[in-house]
Amino acid sequence: QVQLVESGGGLVQPGGSLRLSCAASGISFSIYAMGWYRQAPGKQRELVATISTGSMANYADSVKGRFTISRDNAKNTVHLQMNSLKPDDTAVYYCRAERYWNGGSAGYWGQGTQVTVSS
């Protein structure tokens, strides 16, 4: 059974930091691109950051310079280091695994972890 389990969310003050983790099981982790998405109340789910199988990272403009995505293939984990947090970062953060091949694709979601940035 495929599982993506997020952890590390919580309540933090503006300007603070959090580190999210996603532990994957049931997949060949190293061949999946990984990503973090978030969904705030009343808004669409949006991409935050992605990291390729070769650890090439991309970020939404809103988080560039503040967030860092990384992966540890030996531990089947992906992380999101979030610094200089803003109230607008408040959302449920979801881990995503996906891979593509000629004629097909596969993708999975974690259950999400709540991040609240508030004073």
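The values are calculated or read from the model by the stated rules, or taken from the named source; none is laboratory data. Here the structure is a predicted model, which is why all the values come from computation and not from measurement. Because the Cβ atoms are built from the backbone with ideal geometry, glycine has one as well, and the counts that use them run over all protein chains shown. Please note that ligands, DNA and RNA were not included when accessible areas were found on the heavy atoms of the full protein model with its side chains. Shrake-Rupley method; radii C 1.70, N 1.55, O 1.52, S 1.80 Å.
Under 13 Å from a label point 7 Å along Cα→Cβ of Tyr100: give me every residue in the stretch 13-41 with its amide N that close.
Label zone hits: 33-34.
Of the listed values (i) 13.9, 49; (ii) 14.8, 54; (iii) 13.4, 41, identify the label whose number matches Rg and Dmax of the Cα atoms in Å calculated from this model.
Step by step, Rg and Dmax of the Cα atoms in Å for this structure corresponds to label (i).
Within the chain, what percent of beta bridges assigned by DSSP are antiparallel, to the nearest 5?
The answer is about 95 percent antiparallel.
Take each of the peptides 108-115, 7-14, average the number of other beta-carbon atoms within 10 Å over its residues, and list them starting from the highest.
The most tightly packed comes first, giving 108-115, 7-14.
List the chymotrypsin sites (Phe, Trp or Tyr not before Pro) within the stretch 1-69 that fall in a DSSP loop (any state other than H, G, I, E or B) and whose Cβ has at most 10 other Cβ atoms within 10 Å.
Here no chymotrypsin sites (Phe, Trp or Tyr not before Pro) fit, given the DSSP loop and packing criteria.
What is the sum of charges, Lys and Arg at +1 and Asp and Glu at -1, for the other residues whose Cβ falls under 14 Å from the Cβ of Ala106?
Taking every other residue near Ala106 into account, the sum is +1.
About its Cα centre, what dipole magnitude does the chain give when the only charges are +1 on Lys and Arg Cβ and -1 on Asp and Glu Cβ, stated in debye to the nearest 20?
60
Carbon and sulfur together cover what percent of the accessible area of the stretch 1-108 at a 1.4 Å probe radius?
Solvent-exposed carbon and sulfur of the stretch 1-108 make up 46 percent of the total.
Would you mind classifying the stretch 9-52 by shape? Square roots of the alpha carbon gyration tensor eigenvalues, ordered a ≥ b ≥ c; an a/c under 1.5 is rounded, otherwise it is prolate if a/b is larger than b/c and oblate if not.
prolate
May I ask you to give the solvent-accessible area per residue for the stretch 46-119, in square angstrom, as obtained with a 1.4 angstrom probe?
Result: 53 Å² of accessible area for each residue.
Calculate, for Ser17 and Met56, the FRET efficiency according to 1/(1 + (r/R0)^6) with r their C-beta to C-beta distance and R0 22 Å; round to the nearest 0.05.
About 0.40, to the nearest 0.05.
In whole Hz and in residue order, list the ³J(HN,Hα) couplings for the stretch 95-106 that follow from phi through the Karplus curve 6.51 cos²θ - 1.76 cosθ + 1.60, θ = phi - 60°; x for Gly and Pro.
Per-residue couplings from phi come out as 8, 10, 10, 8, 9, 9, 8, 4, x, x, 7, 8 Hz.
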